[in-house]
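Reviewing the structure listed below.
The values are calculated or read from the model by the stated rules, or taken from the named source; none is laboratory data. Please read all numbers here as calculations on a predicted model, not as lab measurements. Here the Cβ is made from the backbone with ideal geometry for all residues, glycine too, and neighbour counts use every protein chain on show.
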Amino acid sequence: MKGVMRFGKKGKLRTRYIGPYRILKRIGKMAYELELRADLAAVYPIFHISMLKKCVGDPASVVPLESVAVKDSLSYEDVPVEILDRQVRRLRNKEVTSVKVLWRSQSEEGATWKQK
């Protein structure tokens, strides 16, 4: 299409939505003005409601910053707290042991399986 700005890749693997962005104001019943990043300065900031997707945050996935010690390099070390479950799977000639680990910065739903 002529005059349409594409974000990233073309075709099947392209991103369908970019964002989330804060809504600055509502314009009429069907349009909103968004606060876009500086690299999107060429994009007109007013969008029809059909082009927007509601961003629903999951409060369970938010980790409080006090519980995570963030280093200057913006990385942190995740410390295992407890082993919740064990399982042994038999593959052709060997047995593989896996444990379900609860991490300090995650809830019980965020526990992951690790192989020994």
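Which pairs do you get when a residue that is of a type in the set (D, E), found in segment 77-93, comes within reach of a residue that is modelled with pLDDT of 90 or more, reach meaning Cβ atoms under 6 angstrom, with the pair 6+ apart or on two chains?
Sorted first by the residue in segment 77-93, then by its partner, the pairs are D85/K100.
Residues of segment 48-82 being more than 20 Å from the chain's Cα centre (by Cα) and at pLDDT 75 or above, which ones?
H48, I49, S50, M51, V79, P80, V81, E82 - these are the residues of segment 48-82 that are more than 20 Å from the chain's Cα centre (by Cα) and at pLDDT 75 or above.
Need a quick list: strands (runs of 3 or more DSSP E) entirely within segment 16-116 having at least 3 residues that are exposed (fewer than 12 other Cβ atoms within 10 Å of the Cβ) and at negative phi.
22-27, 80-91, 94-103
For Y21, indicate whether it is modelled with pLDDT of 85 or more, within 30 Å of G110 (Cβ to Cβ) and not polar (S, T, N, Q).
yes
Would you please list the contacts, defined by Cβ atoms under 6 Å and residues six or more apart or on different chains, that run from a residue in segment 11-40 that is polar (S, T, N, Q) to a residue that is modelled with pLDDT under 80?
Note: pairs meeting the criteria are T15/F7; T15/G8.
Do we find that S73 is of a type outside the set (D, E, K, R) and in contact (Cβ under 8 Å) with a residue 40 or more places away in the chain in this structure?
The answer is no for S73.
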